[in-house]
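Enquirer: Next up is a structure, given as structure tokens.
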Amino acid sequence: MIQVCPNGARTRADGPHIPITPDELAASVREAVAAGARDVHLHPRDADGAETLEPEAVAAAVAAVRAAAPGVPVGVTTAAWAEPDPRRRAALVRSWTVLPDHASVNWHEEGAEPVADALLERGVGIEAGIFSGTDAAERFLAWPRAGRVLRVLAEVTDTGPATAPGTARDLLDRLRAATRPILLHGEDGGAWPVLRLACALGLPTRIGLEDALLLPDGSPAPGNAELVRAAVAIRRAHEVGR
């Protein structure tokens, strides 16, 4: 499975093709799904383009993307930079009027467990975000409800093209006790090397303008669909080679 992450924390300053509004997200995701994406992870924005977990913004983004890509699971972030107060993050989850299919919870952030509990209460799947270089793996595996998450996101923050795959393998080793599926991905300079590793290992992965602004050949990505198309080609090459 290839998930598309169309925007993340990127802004217009990162490139003119970053989708911000619900309509832009819908159009970008529609094209990415046509290119082969089978799941979505997005970051809703307010009227000023700032990340937010407010129910109106979450509802608008999720509804627009669902209408553009019927049947494709849609997830959102619950990152602390969108709402620093962990108690308010959990309260916002409980206030959502349109529920995403899943939401990511960064396990190195303060308040990860209460936010995850709020998602479980609402029946929203959890993507447990485990960043390399943090104690997130140990914290997550110690959580009594770790077996109830939808999947684990093994998130490699090492952006070195030569070193990111090794960091990824170390992170996977720390997650070997996890009982849920693992989606492995990198970012920036590490995005494509880690994606290739995920394909070689037969793991779900993700790509999109949140994770990479460049195509594998180093040229600027015109949009999310082109990134997904490149990822699909890499995955197929690994499947043929098996």
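The values are calculated or read from the model by the stated rules, or taken from the named source; none is laboratory data. Because the structure is predicted, anything quoted here is derived from the model rather than measured. So basically every Cβ, Gly included, is an ideal-geometry build from the backbone, and we count neighbours across all protein chains shown. Heavy atoms of the whole protein, side chains included, go into the accessibility calculation; ligands, DNA and RNA do not. Shrake-Rupley method; radii C 1.70, N 1.55, O 1.52, S 1.80 Å.
Enquirer: If you check Ser104 against the conditions, is it in contact (Cβ under 8 Å) with a residue 60 or more places away in the chain and either out of contact with any Cys (no Cβ under 8 Å at 6 or more places or on another chain) or open to solvent by less than 20 Å² (accessible area, probe 1.4 Å) (or both)?
Expert: yes
Enquirer: Kindly provide the set of residues from the range 107-118 that are open to solvent by 50 Å² or more (accessible area, probe 1.4 Å) and either in a loop (DSSP other than H, G, I, E, B) or of a type in the set (A, V, I, L, M, F, W, C) (or both), ordered by number.
Expert: Matches in the range 107-118: His108, Glu110.
Enquirer: Next question. Determine whether the range 93-111 contains at least one residue that is in contact with a Ser or Thr (Cβ under 9 Å, 6 or more places away or on another chain), over 17 Å from Leu183 (Cβ atoms) and among the hydrophobic types (A, V, I, L, M, F, W, C).
Expert: yes
Enquirer: Moving to a separate point now. Looking at (1) surrounded by fewer than 21 Cβ atoms within 10 Å (Cβ to Cβ); (2) under 20 Å from Arg38 (Cα atoms), which is the only condition Ala91 fails?
Expert: Status for Ala91: all satisfied but (2).
Residues are listed down the side, and each one gets a yes or a no for (1) more than 14 Å from Gly75 (Cα to Cα); (2) at pLDDT below 95:
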position	(1), (2)
Pro16	yes, yes
Pro19	yes, no
Pro22	no, no
Ala26	no, no
Val29	no, no
Gly36	yes, no
Asp48	yes, yes
Val58	no, no
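Enquirer: OK, next. Step by step: first the residues of the range 169-181, then only those that are among the hydrophobic types (A, V, I, L, M, F, W, C) and within 17 Å of Asp158 (Cβ to Cβ), then the one that is surrounded by the most Cβ atoms within 10 Å (Cβ to Cβ). Which residue is that?
Expert: Residue satisfying both the conditions and the ranking: Leu171.
Enquirer: Which of the residues that make up the range 197-242 are touching a residue at least 40 places away in the same chain (Cβ under 8 Å) and polar (S, T, N, Q)?
Expert: Once the filter is applied, which keeps residues that are touching a residue at least 40 places away in the same chain (Cβ under 8 Å) and polar (S, T, N, Q), the range 197-242 yields Thr205, Asn224.
Enquirer: Could you identify the single residue in Ala32, Ala59 that is over 27 Å from Phe131 (Cβ atoms) and open to solvent by less than 60 Å² (accessible area, probe 1.4 Å)?
Expert: Unique residue meeting the criteria: Ala59.
Enquirer: Still on this structure: Is it fair to say Ser104 is among the hydroxyl-bearing types (Ser, Thr, Tyr), under 18 Å from the mean Cα position of the chain (by Cα) and part of a helix (DSSP H, G or I)?
Expert: No; evaluated as a whole, the condition is false for this residue.
Enquirer: Scan the range 65-87 and give yes if some residue there is over 21 Å from Ala118 (Cα atoms) and touching a Pro at 6+ places or on another chain (Cβ under 7 Å), otherwise no.
Expert: No, there is no match, as no residue in the range 65-87 is over 21 Å from Ala118 (Cα atoms) and touching a Pro at 6+ places or on another chain (Cβ under 7 Å).
Enquirer: Quick check on Glu187: is it touching a residue at least 24 places away in the same chain (Cβ under 8 Å), surrounded by fewer than 23 Cβ atoms within 10 Å (Cβ to Cβ) and acidic (Asp, Glu)?
Expert: For Glu187, the condition - touching a residue at least 24 places away in the same chain (Cβ under 8 Å), surrounded by fewer than 23 Cβ atoms within 10 Å (Cβ to Cβ) and acidic (Asp, Glu) - is met.
Enquirer: Check the range 26-37 and report whether any residue there is assigned to a helix (DSSP H, G or I), in contact (Cβ under 8 Å) with a residue 40 or more places away in the chain and among the hydroxyl-bearing types (Ser, Thr, Tyr).
Expert: Yes, the range 26-37 has at least one match.
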